[in-house]
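S.K.: Dumping the structure here so I can ask a few things about it.
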Amino acid sequence: MPITVVGLDGDDTLWHNETRFNVTQGELRDLLRRHVPDADVDAHLAETEMKNLGVYGYGVKAFTLSMIETAIQLTHGKIPASDLEVILGWGKRMLMEPTELLDGVEAALGDLGKRYDLLLITKGDLFDQESKLARSGLAGLFLGVEIVSEKNVDSYRRILKRRGIKPQEFVMVGNSLRSDVAPVLGVGARAVHIPYHVTWHHEHVPEESLPREGWHRVDRITELSRALEKL
């Protein structure tokens, strides 16, 4: 069955995202090491984020709350309120930053939209994702937008069922094997992986755990059209 609908991830597939988290995490590391020089800030923050996923979900707000919790715990509650205010400021800065598209995205979507129905399927905080899409200038290129709290087999199956899309005619495109490839193959659809140069540790899965068939990898979105033809 030919592909008729292409789903696209937003963060680190259409626009830069993870690099901003890395920059802010570096700032947190520098700030906290002034109070606790030997602390493993990265490891503690990662553990805190994983613990809080079920409470806060994904996105900048969740990240900011986990940074604050990490700061309080590593300093045993002695971190000054002025430093907590600095951390809050980083979160607000991240939420208000312009949406910076990856190279070639606008032209690639314009071309794909002539042959396929395009859906944006992304996860995270609703307000943040809607805001990034609005600032991207890409909203008019999508037939629909799906913002979910988690990308798994059930969420993809619900999206396809609600929109009357057969798995055999759907392909998902994204930078995460965990969120954009594995669960899509699980519903019987196909996927294209476009790696980003930085990937959050939570999104890593062993490539050998994935089926060999049903998905393809390209280096950049400008190669997507040819990959879809192969699929």
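S.K.: How do the pairs read when you match residues in region 108-127 that are within 20 Å of R220 (Cα to Cα) and crowded, with 21+ Cβ neighbours inside 10 Å with residues anywhere that are among the charged types (D, E, K, R) and at pLDDT 95 or above, using Cβ under 6 Å and keeping only pairs 6 or more apart or on different chains?
M.R.: Qualifying pairs under 6 Å: I121/E146; T122/D9.
S.K.: Further question: Here's a check for you: in region 196-225, which residue that is open to solvent by less than 40 Å² (accessible area, probe 1.4 Å) and either modelled with pLDDT under 75 or basic (K, R) (or both) is nearest to the chain's Cα centre (by Cα)?
M.R.: Filtering region 196-225 for residues that are open to solvent by less than 40 Å² (accessible area, probe 1.4 Å) and either modelled with pLDDT under 75 or basic (K, R) (or both), the one nearest to the chain's Cα centre (by Cα) comes out as E203.
S.K.: Out of the residues in region 95-107 that are among the aliphatic types (A, V, I, L, M) and surrounded by fewer than 18 Cβ atoms within 10 Å (Cβ to Cβ), state the one that is farthest from the chain's Cα centre (by Cα). Outline the logic, then answer.
M.R.: Of all residues in region 95-107, those among the aliphatic types (A, V, I, L, M) come to 95-96, 101-102, 105, 107.
Pick out the ones that are also surrounded by fewer than 18 Cβ atoms within 10 Å (Cβ to Cβ) and you get 95-96, 101, 107.
Details: L95: 15, M96: 17, L101: 14, A107: 21 Å.
Selected residue: A107.
S.K.: Just checking, how many residues over region 1-42 are part of a loop (DSSP other than H, G, I, E, B), among the small types (G, A, S) and either open to solvent by 40 Å² or more (accessible area, probe 1.4 Å) or in contact with a strand residue (DSSP E or B) (Cβ under 8 Å, 6 or more places away or on another chain) (or both)?
M.R.: Start the filter on region 1-42 by keeping residues that are part of a loop (DSSP other than H, G, I, E, B), which leaves 1-4, 9-10, 12-14, 16-17, 34-40.
Right, trim to among the small types (G, A, S) and you get 10, 39.
Next, from what is left, pick out any that are either open to solvent by 40 Å² or more (accessible area, probe 1.4 Å) or in contact with a strand residue (DSSP E or B) (Cβ under 8 Å, 6 or more places away or on another chain) (or both): 10.
Looking only at that region, the number is 1.
S.K.: Restricting the search to region 58-92, which residues are part of a loop (DSSP other than H, G, I, E, B), open to solvent by less than 30 Å² (accessible area, probe 1.4 Å) and out of contact with any Gly (no Cβ under 8 Å at 6 or more places or on another chain)?
M.R.: The answer is T75, I79.
S.K.: Cβ contacts < 8 Å: first residue closer than 25 Å to S149 by Cβ, restricted to region 11-31; second residue of a type in the set (D, E) and open to solvent by 40 Å² or more (accessible area, probe 1.4 Å), any location; separation 6+ or different chain. Result?
M.R.: Once the first residue is closer than 25 Å to S149 by Cβ and sits in region 11-31, its partners that are of a type in the set (D, E) and open to solvent by 40 Å² or more (accessible area, probe 1.4 Å) give W15/E100; H16/E100; R20/E97; Q25/D42.
S.K.: Okay, moving on. Output yes when any residue across region 165-180 is open to solvent by 20 Å² or more (accessible area, probe 1.4 Å), part of a strand (DSSP E or B) and either free of Cβ contacts under 8 Å to residues at least 40 places away in the same chain or of a type outside the set (G, A, S) (or both), and no when none is.
M.R.: Within region 165-180, not a single residue is open to solvent by 20 Å² or more (accessible area, probe 1.4 Å), part of a strand (DSSP E or B) and either free of Cβ contacts under 8 Å to residues at least 40 places away in the same chain or of a type outside the set (G, A, S) (or both).
S.K.: Let me ask another. What residue, of R158, R135, is open to solvent by 20 Å² or more (accessible area, probe 1.4 Å) and more than 18 Å from T13 (Cβ to Cβ)? I'd like the intermediate steps shown before the answer.
M.R.: Details: R135 fails: more than 18 Å from T13 (Cβ to Cβ).
Matching residue, one of R158, R135: R158.
The values are calculated or read from the model by the stated rules, or taken from the named source; none is laboratory data. All values derive from a computational prediction rather than experimental measurement. A quick note on method: Cβ atoms are made from the backbone with ideal geometry, for glycine too, and the neighbour counts reach across all protein chains shown. Ligands, DNA and RNA are stripped out before the accessible areas are found, and what is left, the full protein with its side chains, is counted by its heavy atoms. Shrake-Rupley method; radii C 1.70, N 1.55, O 1.52, S 1.80 Å.
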